[in-house]
Structures are given as structure tokens and as C-alpha cells.
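Colleague: Here's a structure for you.
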Amino acid sequence: MDIQVLVAYATKHGTTAEIAEMIGQVLRQAGLATDVLPADRVGDVTPYEAVVLGSAVYIGRWQKQAAKFLKANEKALAERPVWLFSSGPSGEGDPVELTNGWRFPKALQPLADRIRPRDIALFHGHVNVDKLNFIERSMIKNVKAPVGDFRDWETITSWATAIADVLKEAVS
Ligand SMILES: Cc1cc2nc3c(=O)[nH]c(=O)nc-3n(C[C@H](O)[C@H](O)[C@H](O)COP(=O)(O)O)c2cc1C
């Protein structure tokens, strides 16, 4: 049986889109038919057997498009295996330590509890000053957030490989 997987994402400056593309690549290499799409361009999730959804984090919140996707598709998502990820903290070390324990937006936790994702991951992000507007730059400066690309591709690819293993196991 062909498993159709959706990797949906919401990004402001492109980092999260690249993470989603990498996850998609790993899933495809594992033989899973995978679409990688911006969350606001997904019409219907019901053709997919499994869904991965990721968002960039800004001031402790997910991008609107990802939150909207989660809300609009709650029922269908609760009936499928779902994995969630955030791309956020900059700096070296454990991402959860970098965010002082933040793992997922508080406002979306009740929704996630109903959907019951298989996992909620927090990946390092990329603070690219060249792409930030004036306000974002001053916010980053104020909180002294490290600038640069801290994405850990090994962690991201092994997370995606684990998803592929679960899905392939389910149909074997
Ligand atoms: C103004 C601003 C606020 C941010 N707030 C957070 C935050 O609250 N938590 C976090 O982990 N990362 C935060 N970040 C880091 C971004 O989430 C990170 O750079 C992310 O990878 C950007 O993804 P995108 O390029 O897909 O938009 C912030 C970045 C900026 C510029």
C-alpha cells in the first residue's frame, strides 16, 4: 500500500520551510509518497495517512497559518498519526534549555492534547539578521539572542527517519 504523507509548515523567513523540505526528503527516500506544503495551501488532509506539521516560533507563539491549520483540521488530525515540530531557539545546546523549558505554545496545548500527536519536537532555528525587519532586529538585540543558523540537521533527519520507520512498520 502506498502511504501518503503530508508535511505542512508555517514560516516567516524560510528556515522552517527548509526543515520541512528536509523531513520530506527523508520520508521520500524511505519510500513514502510525501507532499511538502505551506500550511495555508493545504486544502484537505483526508487523502493523507499521516501528517507532520511544523511552525516557526515568534515570542512563544506559532505562526498563525500553523495554528489555523491545527484548529481547522482537528478532527481529521485526531484520526491520524501526527507529528508536530517547532523551529525556534538559537544558540548551542539543548533547545528546551535555550527556551527555559518552553516546548510548545501554551495556547495550542489543549488542541494538541485532543489530537494526541506521536511526538512534539523543538528544533534549533536560524536567526538571520539580513532577513529581519527593524523591530525584529531590536527585539533580538534586546534579549541578546544568538544570531546565526543553529539548525541541527542530524537531529532533524533522525527524527524524520523515526517517523518513516513507524509508518512503514504500520503497513508491513
Ligand atoms: C523577533 C523574534 C522573536 C523570536 N521569538 C522566539 C521565541 O519566542 N522562541 C524561540 O524559540 N525562537 C524565537 N525566535 C527565533 C525564530 O523562531 C527562529 O529564527 C526560526 O528558526 C525562524 O523561522 P522562520 O525562518 O521559518 O521564520 C524569534 C526570532 C525573532 C526574529
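The values are calculated or read from the model by the stated rules, or taken from the named source; none is laboratory data. Everything numeric in this text was worked out from a predicted model, so none of it was measured. Glycine gets a Cβ as well: all are built from the backbone with ideal geometry, and neighbour counts include every protein chain shown. SASA here: full protein model, heavy atoms, side chains in, ligands and nucleic acids out. Shrake-Rupley method; radii C 1.70, N 1.55, O 1.52, S 1.80 Å.
Colleague: What is the distance in Å between the Cα centroid of the range 116-133 and that of the range 1-47?
Modeller: That distance is 16 Å.
Colleague: Counting only protein chains, not ligands or nucleic acids, how are D40, D149 ordered by accessible area (probe 1.4 Å), most first?
Modeller: If we order D40, D149 from most to least accessible, we get D40, D149.
Colleague: Which sequence of R118, R151, R28, R61 reflects their accessible areas, 1.4 Å probe, from the largest down?
Modeller: Largest to smallest exposure gives the sequence R61, R118, R28, R151.
Colleague: Number of Lys pairs in the range 1-137 with C-alpha atoms less than 17 angstrom apart, excluding same-chain neighbours closer than eight positions?
Modeller: 6
Colleague: How much solvent-accessible surface does R103 expose, in Å² to the nearest 10, with a 1.4 Å probe and all protein chains in place?
Modeller: We get 150 Å² for R103.
Colleague: Can you name the helices of the chain, as whole DSSP H runs, whose Cα span along the helix axis is 24 Å or more and whose Kyte-Doolittle mean is not below -0.5?
Modeller: The qualifying helices are 153-171.
Colleague: Right, another one. Counting only helical runs of four or more DSSP H residues, what would the 222 nm mean residue ellipticity of the chain come to if each run contributes -39,500 (n - 2.57) and the total is spread over all its residues?
Modeller: The helix-only estimate for the chain comes to -11500 deg cm²/dmol at 222 nm.
Colleague: Order I135, I140 by their accessible area, 1.4 angstrom probe, all chains in place, largest first.
Modeller: Accessible-area ranking of I135, I140, largest first: I135, I140.
Colleague: Taking only C-alpha pairs under 8 Å that are 6+ residues apart, what is the relative contact order of the chain in percent?
Modeller: With pairs under 8 Å counted, the relative contact order is 23 percent.
Colleague: Which FRET efficiency, nearest 0.05, do D130 and V96 yield, Cβ-Cβ r, R0 30 Å?
Modeller: 0.60
Colleague: Report the gain in length on full extension from R28 to A162: 0.36 nm times residue separation, minus Cα-Cα distance, nm rounded to one decimal.
Modeller: Extra length from R28 to A162 when fully extended: 46.9 nm.
Colleague: OK, next. Note down the nm distance, to one decimal, between modelled labels 7 Å out along Cα→Cβ at E74 and at D40.
Modeller: 2.2 nm
Colleague: With the other protein chains left in place, how much accessible area per residue, in square angstrom, belongs to the chain at a 1.4 angstrom probe?
Modeller: So the chain comes to 54 Å² accessible per residue, rounded to a whole number.
Colleague: Whenever you get a sec, compute what percent of the accessible area on the range 1-65 sits on carbon and sulfur atoms (1.4 Å probe).
Modeller: The computed percentage sits at 47.
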